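Enquirer: Provided herewith is a single structure, encoded as structure tokens, for subsequent inquiry.
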Amino acid sequence: MRLKTRVAVTAAAVVGTAIGLVAPALAVGGDPYFKTDTQSAVATIGGAGSTFAAPLQQSAITAYLARNGNATINAYQAVGSGAGEADVIKAATTGINWGGTDVPMTAADIAKNCSSGCPTVASFVQVPIGLGGEGITYNVRGLKTGLKLNGTILAEIYNGKITTWNNKAIKKLNPTFKLPGSKIIPVFRSDSSGTSYIFTDFLATSTRSTVGHGPWPYAATKSEISTYAGTPAYGVGAAHNAGVASAVANTANSIGYVEYSYILLNKKLAGSVATILNASGKYLAPSIKGIATDAAAKPHVSATSFSIVFEKGAAAYPIAGYTWAVVWKQQNATDTNTANNSVASTTGILLVKYLDWLAHTGTTGDLGGQHFAAEDGYVALPANIQSLATATLLQVVNAGNHKLL
Amino acid sequence: MSTGPITESAPGVAPEGRAPGRVKRPRARSDGAYWGILYGTTLIFVVVCATFLVTLVTSSFSAWGHSGLGLITGTTWNPDKQLYGALPLIIGTLVTSAIALVLAVPLGVLVAVALVHLVPRRLRTPMSSFVELLAAVPSVVFGGVGFLVLAPYFQQHFYPWLQSTTHSFGPFSGTFSTTSILLAGIVLFVMVLPTIVAFSRDAIAIVPEEQIEGAMSLGATRWQTLWKVVLPSARTGITGAVTLAAARALGETIAVAMVIGNYFKVPHSLLQGGTTLASALATQWDGATTLTISALGALAVILIAITAGVNYAGRSLLRRANQGATL
Amino acid sequence: MDSAITVPTPSGAMTTGDVEDPRLGAIAMRLKDVSVSFHGRMAVRDVSFEVPDKRVTALIGPSGSGKTTLLRALNRLHDVTRGAKVEGEILLGNTNLYSREIHPTLTRMRVGMVFQRPNPFPTMSIFDNVVSGLRFNGVRKRAVLNEAAESALIAAALWDRVKDRLKMHASSLSGGEQQRLCIARALAVEPEVLLMDEPTSALDPVSTQRIEELLSELKARVSIVIVTHNMQQAARISDLCVFLLMGDDGAGEQIEVAPTQKLFTDPTDRRTLDYIQGRFG
Amino acid sequence: MSVTTGIGELPADPILERRALIQSIARGSLARRAVVSRLMLGVCGLAFLAASTVLVWIVYLLVAKGFHWISINFFTQDPLTPTVFQQNLLGGIRNAIRGSIVIDGIALVIAIPVGIVAGHLLAVSENVFANAVRSTAEVMTGLPSILFGIFVYEFMIIRFHSHFSGFLGGLALTMIMVPVIMKASEISFRAVPASIREAGLSLGLSKGVVATRIVTPAAAPGLLTAVLLATSRAVGETAPLIWVIGNNYVATWSPYKQQTAIPIAIYNGILNGASPLQQAYAWGSALFLVAVVLCMNLGSRLLAAFLRRERH
């Protein structure tokens, strides 16, 4: 009897201690973070993804919060386009409301991030929110800005066929530059990146049929253009645009590709930016005007036809692209704590309102997000694209199929 | 009044006291609770450790199913193409750790000798602490110093010097950049040094004075005594120290991720980038797909097997060394 | 070859106290006012006696009387102890062991030592243990090593036991055998004086007896100074006895030096008598 | 019997011959051996100096490059994002400091009771279970810390659909701290003299009362050392947090929100700083982190040394 009591007490203690310690741990499964008062206008949203878009997003969020005191928008997490897509697909666990990507998401991208009960591309809308370019920057002692390069040379550098700075091909284009004999160290993105996609897209488009396949993913066929650059013949891998920028700044004799605003942000890089041969045979440094000209040459883009690299035009800078926000079409899908689906999701409303604001220039006295583009090195979206953004966001609904915008 | 042995083991079998019933009953219950809490809490720890292992192993199933043994033998790591060959990572792990140990073992043992046989006894602990404090510096700081200070310096001065003195001999051949396997090895070397010093110092200090006097009285110089008698006697303990250091080097993550260059191919030169199992777990996670996360789980399982095995071996050696000393 | 240093120069008959004792023969080592202090605290004060050649000299006295401290001064083992200071003169032949021109390493090889507990080097084989002293001192020739090892092991009465297993680890031997191995190890460098610090205190009676028997054979080869707390042992094995006693300030003092038989049968000092009759200590 | 009595009269004594030979070899090799000995001991001393210099150098670098960043704003502001036109918009690391407090606090709250109670069990039990726990704890302390981050991610986020939060970071750090506290507190408990326990038990006190009222207070300073040591290790951890805490740029005390921590801020600043200023700013954070960690580590060492002296 006494023994029984003791055993019972022991068992109770074991179980009690176990429950006491494990219960709070399990309780986290239910999501206090997303518990939002659906009746109130207060809401919190957050986005993650494309580092190409990061400086624009960060400026825009600051500006938006200044005009909307009720809203909370978490700082944009610059984790790369691939991560942005993954984060929004897994929105329920990541808490990410929109994913930033420079390459609109495809069914294959969803399959990579989902094993069962997966959404389709149609479960999402993809909103153009920014337009930018990429600069080619290098860190070579004595080599100032304006080195002339073309797609072929860049492709061969990344494929390990051109290995020194004084290679004949580079010399031929730059007879006035004093080129050193040191080895070229290409810096590439080691993460899944829209910036890599746009760069390889440019290489593939501009060098079509002039150079063969190499170990790095650029090729004569567009199908091999990739967000994941893989490993070139030689070079330094770095994560994110900022990582590439700091790797180039840190590594002598290196060359790298970064979104234009990262060049403007880093004095070391701004001093040595290449001019790139465009489709009309002109060598141009990246500039807001050059990017705008390039985009203007292909006025109609969509989530399935978005490439604007190497467009014709004497003033067109050839490495440019749109950047997009991926959003669940059915907003309560991410709003897990909304008990009543017929009630409009405040989170969803804030999300579409912010993105719509972001995609527009606005008017004097009511400035939109695109107004801040130029100061960060981006081009304000063309008017037709701004309309496309609104049209796309109008597709976003709550569980009761009510439009949120 | 019975005291009962304090080290009795099983709950609920405490010997009966002879105290009056009024006292005995609450005491028995209270002892039950005592053991209950002790075993209950410890059991939680055990359960969590078991869950840890099971979770990581099961998380890796789909990757093993997808790639099979190719996970270990494959040479291409490209998550975008769902190719998960971890051989470059495994090689990188072994090579960086080897570099670290080759540098740290002699230096660490010499430092340990100095601490035991050159430093006055009273100063031994504070001076040891000085070296051991290195182990307290967070790895992200080692990584930062390696990335921001050493890497550019290496590219500008060290690698060119190395190539010119070795005539670009095999492991030092090829184009080099800032971050590299060698740099990672050197950063690891500094990081594992305190481990080697601390445990070797204990192993050396435990060598009986009689051994030392025995050698001295035969006409051995101080160094001969150390080299021929003390170090061989401390051999097991030093091996244990080196093994523990190896476990640390094999598993170091952040510092390596920051300085190794994250280059996912089988390395041909120490001056080129590479990657390790642990550092890949930190760098490949951003935006990883479901399958990639499973593949990272598989890397984690490989890493557990390696580091737990090496660590266990090191602890066993140290235990044996300490037992040998008390015999 | 420099035989003048290798062999103690005789200086006529030796004196013990004030009685001349021709039986003791030549002198191996001479102590003059030897004091040992640790961090300024005197441990042994003003000891003076002469160690006869090819004889066994026993240092006896109660614990704390500084026997071991004194013994360790004889081969400069205190040099490695921080704060230890040895004063006075210790002459080996004509050389003062503590003079500047003689290196302590060389001193220690000429004056061997066997310790309280057997301390064979655990990582070395039996053979390597025996020749370790030779190797420390730069002897490389295999023939010399083999010959010295055999000679030393025979002298230590261990040869027959171990000749077939010289490659085995020293730890495979019993305690008594290990101590004889240590004696062989000390003998292998052919010291002129062998110091023994209670060499049987860690051993069983049988092993003790064997070591005692060994000593009487060994003294044909080397002069022996032995510390023992066991008076019967001193009486059995030694030729000369030095009796030390702790003074008022805790430092050991030399009370009496006499041929063993005389010291045990007819001590000069009353304190010696008290001690050998077991009144204290 | 001696040489001068006439070596010619006696047959050569092999022992004397060998003694002469050995002593001459020893004398011949003495100079070399003495030099080698001094040289090698010098090398040992140099090795020690070199090893100590590394720490001095790192601390010097941190102070030289980081000290000027530390100001009031450093502690009271959240980080800002430099723009092209305002590159010096850096702010502070209030979010990371607060995150570290939240994450490490959660870890401490869980790890201290579990670690100390389990350590107590190891101290009083010598059975298969205790030995298994001890070995497990040893293996756990040797595992790369990132594995705990992956585990918490797989278990809490994938399996139980939790989301990135400071709480999960705390769980990951708990798994690092518990084995450390357990092992160190076992030693502290063992150091409590058995007589104290027995005295308590003989007064008729239950084991539980003896353990909590008598033994634990007696071991308390040792337990504090253990906790300090474990904390100093956890505070500097970066790898396990990468997987589970997400990121934030606005300080919050909420354990359920995404968090950031000082080591993460350093990592991101160095690798993901868009502007070189952000990279440089990481030196300030690193200086602060190292100062905190070294103080804790030194504190635990001093405490341990003090305890050793008390005991003897």
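The values are calculated or read from the model by the stated rules, or taken from the named source; none is laboratory data. Since the model is a prediction, treat every value here as computed from it, not as a measurement. Neighbour counts run over all protein chains shown; Cβ positions are idealised from the backbone, glycine included. Accessible surface areas use protein heavy atoms only, side chains included; no ligands, DNA or RNA. Shrake-Rupley method; radii C 1.70, N 1.55, O 1.52, S 1.80 Å.
Enquirer: Just to be sure, is residue A:124 buried (at least 21 other Cβ atoms within 10 Å of the Cβ), closer than 28 Å to residue A:58 by Cβ and at pLDDT below 90? Working first, answer last.
Expert: Working: buried (at least 21 other Cβ atoms within 10 Å of the Cβ): yes; closer than 28 Å to residue A:58 by Cβ: yes; at pLDDT below 90: no.
For residue A:124, the condition - buried (at least 21 other Cβ atoms within 10 Å of the Cβ), closer than 28 Å to residue A:58 by Cβ and at pLDDT below 90 - is not met.
Enquirer: Let me confirm something: among B:58, B:76, which residue is touching a Gly at 6+ places or on another chain (Cβ under 7 Å), open to solvent by 20 Å² or more (accessible area, probe 1.4 Å), at the interface with another protein chain (Cβ under 9 Å from one of its Cβ atoms) and within 22 Å of residue B:278 (Cβ to Cβ)? Break it down into steps so the answer makes sense when it comes.
Expert: On the way: B:58 fails: touching a Gly at 6+ places or on another chain (Cβ under 7 Å).
So the residue among B:58, B:76 that is touching a Gly at 6+ places or on another chain (Cβ under 7 Å), open to solvent by 20 Å² or more (accessible area, probe 1.4 Å), at the interface with another protein chain (Cβ under 9 Å from one of its Cβ atoms) and within 22 Å of residue B:278 (Cβ to Cβ) is B:76.
Enquirer: Next question. Could you please tell me which pairs satisfy a Cβ distance under 6 Å, a separation of 6+ or placement on different chains, a first residue in the stretch B:120-143 that is β-branched (Val, Ile, Thr), and a second residue that is outside any helix (DSSP H, G or I)?
Expert: Matching pairs, first to second residue: B:140/D:238.
Enquirer: Yes or no: the stretch A:85-95 includes at least one residue that is free of Cβ contacts under 8 Å to residues at least 60 places away in the same chain and closer than 30 Å to residue A:253 by Cβ.
Expert: Checking the stretch A:85-95: not a single residue is free of Cβ contacts under 8 Å to residues at least 60 places away in the same chain and closer than 30 Å to residue A:253 by Cβ.
Enquirer: Something else now. Would you mention how many residues in the stretch C:51-65 are part of a loop (DSSP other than H, G, I, E, B) and either open to solvent by less than 10 Å² (accessible area, probe 1.4 Å) or among the charged types (D, E, K, R) (or both)? Walk me through it before giving the result.
Expert: Start the filter on the stretch C:51-65 by keeping residues that are part of a loop (DSSP other than H, G, I, E, B), which leaves C:53-55, C:61-65.
The next check asks that each one be either open to solvent by less than 10 Å² (accessible area, probe 1.4 Å) or among the charged types (D, E, K, R) (or both); those that pass are C:53-55, C:61, C:65.
The total comes to 5.
Enquirer: Report, by residue number, each residue of the stretch C:232-252 that is touching a residue at least 40 places away in the same chain (Cβ under 8 Å) and either within 10 Å of residue C:56 (Cα to Cα) or surrounded by fewer than 20 Cβ atoms within 10 Å (Cβ to Cβ) (or both).
Expert: C:234, C:237, C:238, C:239, C:240, C:241, C:246, C:247, C:249, C:250 - these are the residues of the stretch C:232-252 that are touching a residue at least 40 places away in the same chain (Cβ under 8 Å) and either within 10 Å of residue C:56 (Cα to Cα) or surrounded by fewer than 20 Cβ atoms within 10 Å (Cβ to Cβ) (or both).
Enquirer: Kindly provide the set of residues from the stretch B:275-315 that are of a type in the set (S, T, N, Q) and open to solvent by 40 Å² or more (accessible area, probe 1.4 Å), ordered by number. Reasoning before the result, please.
Expert: Let us first name the residues in the stretch B:275-315 that are of a type in the set (S, T, N, Q), namely B:275-276, B:279, B:283-284, B:289-290, B:292, B:294, B:307, B:311.
The answer is B:290, and nothing else.
Enquirer: Let me ask something else about it. Please determine whether any residue of the stretch D:217-226 is more than 7 Å from chain B (Cβ to nearest Cβ), buried (at least 21 other Cβ atoms within 10 Å of the Cβ), out of contact with any Phe, Trp or Tyr (no Cβ under 8 Å at 6 or more places or on another chain) and among the aliphatic types (A, V, I, L, M).
Expert: yes
Quick grid of which residues meet (1) crowded, with 19+ Cβ neighbours inside 10 Å; (2) at pLDDT below 85:
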{"site": "A:17", "(1), (2)": "yes, yes"}
{"site": "A:28", "(1), (2)": "yes, yes"}
{"site": "A:36", "(1), (2)": "no, yes"}
{"site": "A:50", "(1), (2)": "yes, no"}
{"site": "A:95", "(1), (2)": "yes, yes"}
{"site": "A:107", "(1), (2)": "no, no"}
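Enquirer: Within the stretch B:231-242, work out how many residues are in a helix (DSSP H, G or I), more than 7 Å from every other protein chain (Cβ to nearest Cβ) and buried (at least 24 other Cβ atoms within 10 Å of the Cβ).
Expert: Quick first cut of the stretch B:231-242, residues in a helix (DSSP H, G or I) only: B:231-233, B:235-242.
Narrowing the set further to residues that are more than 7 Å from every other protein chain (Cβ to nearest Cβ) leaves B:231, B:236-242.
Still in the running and buried (at least 24 other Cβ atoms within 10 Å of the Cβ): B:237-238, B:240-241.
So the answer is 4.
Enquirer: I'd like to verify a number: residues in the stretch C:111-120 that are within 7 Å of another protein chain (Cβ to nearest Cβ), farther than 10 Å from residue C:185 by Cα and out of contact with any Cys (no Cβ under 8 Å at 6 or more places or on another chain), how many? Working first, answer last.
Expert: Applying the first criterion (within 7 Å of another protein chain (Cβ to nearest Cβ)) to the stretch C:111-120 yields C:112-113, C:115, C:117, C:119.
Retained after the next criterion (residues that are farther than 10 Å from residue C:185 by Cα): C:115, C:117, C:119.
If we keep only those that are out of contact with any Cys (no Cβ under 8 Å at 6 or more places or on another chain) too, we end up with C:117.
Number of matching residues: 1.
Enquirer: If you don't mind, another one. For the stretch D:155-197, which residues satisfy the criterion of being open to solvent by less than 20 Å² (accessible area, probe 1.4 Å), aliphatic (A, V, I, L, M) and farther than 30 Å from residue B:59 by Cα?
Expert: Passing the criteria: only D:192.
Enquirer: Within the stretch A:167-191, track down each residue that is open to solvent by 20 Å² or more (accessible area, probe 1.4 Å) and either assigned to a helix (DSSP H, G or I) or not assigned by TED's automatic domain parsing to the domain that holds residue A:250 (or both).
Expert: Start the filter on the stretch A:167-191 by keeping residues that are open to solvent by 20 Å² or more (accessible area, probe 1.4 Å), which leaves A:167-169, A:171-173, A:175-183.
Of everything in the stretch A:167-191, those that are open to solvent by 20 Å² or more (accessible area, probe 1.4 Å) and either assigned to a helix (DSSP H, G or I) or not assigned by TED's automatic domain parsing to the domain that holds residue A:250 (or both) turn out to be A:168, A:169, A:171, A:172, A:173.
Enquirer: So, in the stretch D:125-177, how many residues would count as being more than 9 Å from chain B (Cβ to nearest Cβ) and outside any helix (DSSP H, G or I)?
Expert: 6
Enquirer: Among the residues of the stretch A:370-405 satisfying the criterion of being within 14 Å of chain D (Cβ to nearest Cβ) and among the small types (Gly, Ala, Ser), which is most open to solvent (accessible area, probe 1.4 Å)?
Expert: The qualifying residue most open to solvent (accessible area, probe 1.4 Å) is A:374.
Enquirer: Wholly within the stretch B:254-327, which helices (runs of 4 or more DSSP H) include no fewer than the required count, namely at least 3 residues that are more than 17 Å from the chain's Cα centre (by Cα) and modelled with pLDDT under 90?
Expert: Working: elements: B:254-259, B:277-283, B:290-326.
Counting at least 3 such residues, we get B:290-326.
Enquirer: Confirm whether residue D:255 is open to solvent by 10 Å² or more (accessible area, probe 1.4 Å) and assigned by TED's automatic domain parsing to the domain that holds residue D:199. I'd like the intermediate steps shown before the answer.
Expert: Details: open to solvent by 10 Å² or more (accessible area, probe 1.4 Å): yes; assigned by TED's automatic domain parsing to the domain that holds residue D:199: no.
In short, no.
Conditions (1) of a type in the set (A, V, I, L, M, F, W, C); (2) open to solvent by 30 Å² or more (accessible area, probe 1.4 Å), marked per residue:
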{"position": "D:75", "(1), (2)": "yes, yes"}
{"position": "D:91", "(1), (2)": "no, no"}
{"position": "D:94", "(1), (2)": "no, yes"}
{"position": "D:132", "(1), (2)": "yes, yes"}
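Yes/no per residue for (1) within 21 Å of the chain's Cα centre (by Cα); (2) modelled with pLDDT of 90 or more:
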| residue | (1), (2) |
| --- | --- |
| A:250 | no, no |
| A:254 | no, yes |
| A:269 | yes, no |
| A:280 | no, yes |
| A:317 | yes, yes |
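Enquirer: Could you grab me the full set of residues in the stretch B:172-212 that are open to solvent by 30 Å² or more (accessible area, probe 1.4 Å), over 21 Å from residue A:164 (Cα atoms) and of a type outside the set (Val, Ile, Thr)?
Expert: B:189, B:199, B:201, B:202, B:205, B:208, B:209, B:210, listed by residue number.
Enquirer: Please tell me if residue A:289 is within 14 Å of chain B (Cβ to nearest Cβ), open to solvent by 40 Å² or more (accessible area, probe 1.4 Å) and closer than 26 Å to residue A:375 by Cβ. Reasoning before the result, please.
Expert: Numbers: within 14 Å of chain B (Cβ to nearest Cβ): no; open to solvent by 40 Å² or more (accessible area, probe 1.4 Å): yes; closer than 26 Å to residue A:375 by Cβ: yes.
No; evaluated as a whole, the condition is false for this residue.
Enquirer: Give the residues of the stretch A:228-256 that are facing another protein chain (nearest Cβ under 7 Å) and β-branched (Val, Ile, Thr), sorted by residue number.
Expert: A:231, A:236, A:251
Enquirer: Hey, among the residues in the stretch D:149-161 that are free of Cβ contacts under 8 Å to residues at least 40 places away in the same chain and under 20 Å from residue B:47 (Cα atoms), which one's nearest to the chain's Cα centre (by Cα)? It would help to see each step written out before you state the result.
Expert: Of the stretch D:149-161, the ones free of Cβ contacts under 8 Å to residues at least 40 places away in the same chain are D:151, D:154-155, D:158-161.
Of the ones still in play, those that are also under 20 Å from residue B:47 (Cα atoms) are D:151, D:154-155, D:158-160.
Working: D:151: 22, D:154: 27, D:155: 27, D:158: 31, D:159: 32, D:160: 32 Å.
Here the answer is D:151.
Enquirer: Out of all the residues in the stretch B:116-127, is one or more hydroxyl-bearing (Ser, Thr, Tyr) and open to solvent by less than 20 Å² (accessible area, probe 1.4 Å)?
Expert: no
Enquirer: Can you list the helices (runs of 4 or more DSSP H) found entirely within the stretch C:71-165 that contain at least 2 residues being farther than 21 Å from residue C:176 by Cβ and either without any contact (Cβ under 8 Å) to a residue 60 or more places away in the chain or open to solvent by 10 Å² or more (accessible area, probe 1.4 Å) (or both)? Lay out the reasoning, then the answer.
Expert: Numbers: elements: C:104-110, C:126-136, C:142-155, C:159-162.
Counting at least 2 such residues, we get C:104-110, C:126-136, C:142-155.
Enquirer: Name every residue in the stretch B:230-268 that is out of contact with any Pro (no Cβ under 8 Å at 6 or more places or on another chain) and of a type in the set (Gly, Ala, Ser), in order of residue number.
Expert: Matches in the stretch B:230-268: B:234, B:237, B:240, B:241, B:245, B:246, B:247, B:249, B:255, B:257, B:261.
Enquirer: From (1) within 14 Å of chain D (Cβ to nearest Cβ); (2) within 27 Å of residue A:189 (Cβ to Cβ); (3) more than 26 Å from the chain's Cα centre (by Cα), pick out the condition that doesn't hold for residue B:176.
Expert: Condition not satisfied by residue B:176: (1).
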